[in-house]
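Enquirer: Let me give you the structure first, and then I'll get to my questions.
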Amino acid sequence: MKKGLLSPGAVLEASVAGAGTYSATVLPDGYIEYAGASYKTPSGAGAAVKETAAGRSLAPKEKATDAWQFWRAWISRRLRSSSVTRAQRPPRSTFAPTWY
């Protein structure tokens, strides 16, 4: 967010095979909102999406999520993979959440 790759209100999308497409929103504080709950990391939000898609609680190994591969974001009017955005992200800072 700080380098302008994602802005508050940005919509993230994830497709889960056989279960459809899910969306989450980037909040002003950098958290991710999905289904009315806030998550500190995109991986945490991704785990919640996986549980929703499965319709049940999942074991930790089942809900482990590589957020860079899981989420896509609308950037410059194009739906881009987070892995593409990751290549553009600035070096990690101790003052910012590690995911953006």
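Enquirer: Is it fair to say Leu6 is at pLDDT 90 or above and of a type in the set (A, V, I, L, M, F, W, C)?
Expert: no
Enquirer: Hey, another quick one. Taking the range 39-74, which residues are within 14 Å of the chain's Cα centre (by Cα), charged (D, E, K, R) and farther than 17 Å from Gly20 by Cβ?
Expert: Lys40, Lys63, Asp66
Enquirer: Still on this structure, please answer the following. Return the pairs, sorted by first residue and then second, in which the second residue is of a type in the set (D, E, K, R) and surrounded by 17 or more Cβ atoms within 10 Å (Cβ to Cβ), the first residue lies in the range 27-53 and is without any contact (Cβ under 8 Å) to a residue 60 or more places away in the chain, the beta carbons are less than 7 Å apart, and the residues are 6+ apart or on different chains.
Expert: These pairs meet every condition: Ala47/Lys63; Lys50/Lys63; Glu51/Lys63.
Enquirer: In addition: How about the range 16-100: which helices (runs of 4 or more DSSP H) wholly inside it have at least 2 residues that are more than 14 Å from Leu6 (Cα to Cα) and modelled with pLDDT under 95?
Expert: 42-54, 60-63, 67-70
The values are calculated or read from the model by the stated rules, or taken from the named source; none is laboratory data. All of these numbers come straight from a predicted model, not from anything done at the bench. Cβ: placed from backbone, ideal geometry, glycine included. Neighbour counts: every protein chain shown.
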